[in-house]
1. When you count, for each residue, the other Cβ atoms within 10 Å and take the mean per peptide, how do A:59-65, A:304-310 rank with the highest first?
2. Exactly which GluC sites (Glu not before Pro) in segment A:361-438 are in a DSSP loop and have at most 14 other Cβ atoms within 10 Å?
3. Going through segment A:380-473, which trypsin sites (Lys or Arg not before Pro) have at most 14 other Cβ atoms within 10 Å and a DSSP loop state?
4. Please compute the contact order of chain A in relative form: average sequence separation of alpha-carbon pairs under 8 Å and at least six residues apart, divided by the residue count, as a percent.
5. Peptides A:263-274, A:286-297: what's the order by average Cβ count within 10 Å, highest mean first?
6. How well do other chains shield peptide A:112-125, expressed as the mean number of their Cβ atoms within 10 Å of each residue Cβ?
7. Going 7 Å from the Cα of B:E123 along its beta-carbon direction, which residues of segment A:165-202 have the amide nitrogen within less than 11 Å of the resulting point?
8. Measuring with a 1.4 Å probe in the full set of protein chains, what accessible area per residue, in whole Å², belongs to segment A:128-173?
Amino acid sequence: MARTLFQKVWDTHAVRTLPNGQTQLYIGLHLVHEVTSPQAFAELRERGWTVRAPQRTFATIDHIVPTAAQARPFADLMAESMTSALERNCRDFGVRFFDLASGGQGIVHVIGPENGLTQPGMTIACGDSHTSTHGAFGAIAFGIGTSQVRDVLATQTMSLSPLKVRRIEVNGRLRPGVYAKDVILHIIGLLGVKGGTGYAYEYAGDVVDRMTMDERMTICNMSIEGGARIGYVNPDQTTFDFLRDRPYAPKGADFDTAVTWWTSMASDPDAAYDDVVRIDAADIAPTVTWGINPGQSVGVNGRLPRPEDVAPGDRAGISEALEFMSFEGGQRVEGTKIDVAFIGSCTNGRLSDLREAAKIVKGQKVAAHVRAIVVPGSQKVAVAAEKEGLDQVFADAGFEWRRAGCSMCLAMNPDKLVGREICASSSNRNFKGRQGSPTGRTLLMSPAMVAAAAVAGEVVDIRTWDAHVPVGA
Amino acid sequence: MSKIESAQGHAVAVHGDDIDTDRIIPARFLKTITFDGLEDHVFEDDRLEAQAHGKVHPFDDPAHKGAAILLGGANFGCGSSREHAPQAIKRWGIGAVVAVSFAEIFFGNSLMIGLACATVSPEQMADLMALADANPTLDFRLDIAASTLTAGDRVIPVTMPESVRSALLSGGWDATSLLLDKYEEVEQLAARLPYVSGWDRLSA
Ligand code: SF4
């Protein structure tokens, strides 16, 4: 019978049905970071368990690393103790740790793919909701909580129930100035932040087929913002070309064998889906969030909803968001003055993102009132960008060029908004307080749009913006 | 394995849909290597925001102190996979969350720590929240086997996936021991996966 990739991977990894009715699923790759793992390792010690498959477990440090001064011990003592806890846990349990000294440290969802650890047909788990990113390779990748991290460490399996599959096809041509980030913001705006609950999202269509792996990762990354725990793209030649020669990818004849198996795991052409959504690429504009969840977005020159114009059930949510953001219903987000610009995160902190942003800022200056930082997604991304001179382009324009980490995506390190500051951000969440100030405000957009906003000092439409004409002149 | 059959006590309503995990427990409180003390910071920024507006967040309201059942809207717990969120709620004293709907990872994380989650319709939730707001000392009882929520003299059916109900009732929510049972089956499966056991086995 024809099956989707999700069903094939599920069937291949299902050990048995547990007495609790859920499925015991084998996990092919377990990625670990410092925030959600210490309690899990502590329980392993308490119960006298080992890490069952240390060779399938990899750790890095990303959430709490300072991105300015990285000398140890860190100034933040709690960050230091979380780091040393992970060091000790990796040492004691035999887990490979991509630490700061390794040259391979970075955001967990950036280093898995860049090392070739993330491969098609795998099951992947990580104590982080953006694990969905790895689905870009045709893997089934679950964000899990700490108790499940413990289960995967101890058993290399976890207990869960299957999902339905929704195929989301994006067809046609994206308009100039429209990026993968806009595509996923558009999808979330369309289907809602809970539209994906109970589903895995399969992204397809000729736009997705033409996308690079970096772009596919941006899309899959934000599946969780649409309520879908998992998002994936069927593996194809683009996937295989990306993986070839990566450190952990199969080598030589094994690579060809792997390609055959990977190809066999893709959804069958006649597979049945629980739902299909079709989107015309031409309908997608550079998209910006205006509210306090990633579904509250609008085309950059569209108008914000008015509470009185929406369904009664949605009114309170819209009013709360408008009030928190100090926006009026009916206004445009274009022209909103910003205080901070952040380029980075597992959504948009890869080399291609930095290249797009650098194109915009080259020869420009960040507006005098804007604090702007670029945080590469990994040490390898940083090195590659520096080799191309991107760090200099950013520095010349007045951006701070930082070391790799999550940084202002969730502000667990010293990079934070202050007070009511508004941040144009290439990250994935605009929740209240997300960027470190309980009253701070976040506008999510593509890295190119962030770069333009940094220069203009306000949100602009990159399709029409001319950097040489001062805004407001 | 401890069996969980019910949760009983006063209810506290957290109004609004899409209550995300950054609101339940802001990221700065994740800087810890244990879950101890998280209960002190549950909904911290929302509580501060309420205070700044001269309002009282339900988790600060003395009338709701000691509540055992949290009532929530749609998509409760959306956002990150931080187990710190259900941990903070549970450690505050909540034994069950009844909402219109849940974000998936939050729902799974709650089950993993024995925090029962059940859903009711939006209309029923509006009634339940009004009841809890008006009578903070009204007794609520979630009966997992019967799939009902009793609020004073009202009995409302709740929805819970069958696997979750049986996991709570049997004690199988703490799944690690189930996963370790018959471990040879896991090893047999791993040996069949080419990326685990070696690609050359496929080409042979
Ligand atoms: S960059 Fe942001 S979303 Fe990604 S893993 Fe780090 S904190 Fe999470």
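The values are calculated or read from the model by the stated rules, or taken from the named source; none is laboratory data. Bear in mind the structure is a predicted one, so any value in this text is a computation, not a measurement. Using ideal geometry, Cβ is built from the backbone for each residue, glycine included, and neighbour counts are taken over all protein chains shown. Only protein heavy atoms, including side chains, enter the accessible area calculation; ligands, DNA and RNA are left aside. Shrake-Rupley method; radii C 1.70, N 1.55, O 1.52, S 1.80 Å.
1. Output ranking for A:59-65, A:304-310: A:59-65, A:304-310.
2. Counting only loop positions with at most 14 other Cβ atoms within 10 Å, the GluC sites (Glu not before Pro) in segment A:361-438 are A:E388.
3. Qualifying residues, ordered by number: A:R420, A:R463.
4. Relative contact order comes out at 17 percent.
5. A:286-297, A:263-274
6. Mean shielding count: 1.
7. Within reach of a label on B:E123: no residues.
8. Per residue, segment A:128-173 has 15 Å² of solvent-accessible surface.
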